[in-house]
Amino acid sequence: MKILVINGPNLNMLGIREPEIYGRVTLLDIEKELIEYSKNFKDVELEFYQSNIEGEIVSKIQNSMDKDGIIINPAAYTHTSIAILDALKAVKIPTVEVHLTNVNSRDSFRQKSYTIEGCIGQVSGFKKDSYKMALFGLYNYINE
C-alpha cells in the first residue's frame, strides 16, 4: 500500500516556528516516527513531500495516481486553497487531512477548511500523533 504524506507551507519550520503552539518536534522527527509506526501495518510504503508553494502541492497530488492514499497537512492552504481541493477531488484518492493543533479552537479564520471536502476525514489536535492516527484510519479505510 503506497501512502503519500504531503506537508504544506511552513511545516519545514517545525521545531523553530512558534514552539509554544507547535512544540519542538521537527518535520523530520514526525517522518521518522511515522515510518516506525507504519511497520505495524502490512506492506505500507510511505513517501514524504513538503512544499511552501501551492502549485507544487497541486502538481504532486495530480501526479499521485499510483498511490493508494494521501495524508495531507495543507497548513495555511487549508483555509484558502480551492486549487488543492480541486486536485484532491480530481484524483479521487482516499485522503485524510491532518493538523498538529486543534484548528477549531484557534483563530476563527482557521476554523474553515476548504480542503476537507476532498477528504474522507480529518485528524487534528494531537500534535505529531495526528499523523499516526491518520495513517491508522486511512489504512483501515482502504482495506475495508
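The values are calculated or read from the model by the stated rules, or taken from the named source; none is laboratory data. All of these numbers come straight from a predicted model, not from anything done at the bench. For neighbour counting, all protein chains shown are included, and Cβ atoms are generated from backbone atoms with ideal geometry for every residue, glycine included. With ligands, DNA and RNA removed, areas are computed over all heavy atoms of the protein, side chains included. Shrake-Rupley method; radii C 1.70, N 1.55, O 1.52, S 1.80 Å.
A few notes on this one:
- Loop-resident trypsin sites (Lys or Arg not before Pro) (DSSP state other than H, G, I, E or B) in region 11-97 with no more than 16 further Cβ atoms inside 10 Å of their Cβ: Arg17, Arg24, Lys39, Lys42, Lys92.
- Karplus-based coupling profile of region 121-127, in residue order and whole Hz: x, 9, 10, 8, x, 10, 6, with θ = phi - 60° in 6.51 cos²θ - 1.76 cosθ + 1.60 and x standing for Gly or Pro.
- With each label modelled as a point 7 angstrom along the Cα→C-beta vector, the Met13-Asn40 pair spans 3.2 nm.
- Over 24 Å (Cα to Cα) - which of Lys92/Lys112; Lys92/Lys128; Lys42/Lys112; Lys2/Lys39; Lys32/Lys127 fall in this group: Lys92/Lys128; Lys42/Lys112
- Amide hydrogen proximity for Ile71: with H placed 1.01 Å from N in the peptide plane, the residues at 5 or more positions away or on another chain lying under 5 Å are Leu4, Val5, Ile6, Val96.
- Separation of region 124-144 from region 1-65 is 13 Å, based on Cα centroids.
- Heavy-atom accessible surface of Asp129, to the nearest 10 Å², is about 60 Å², with a 1.4 Å probe and all protein chains retained.
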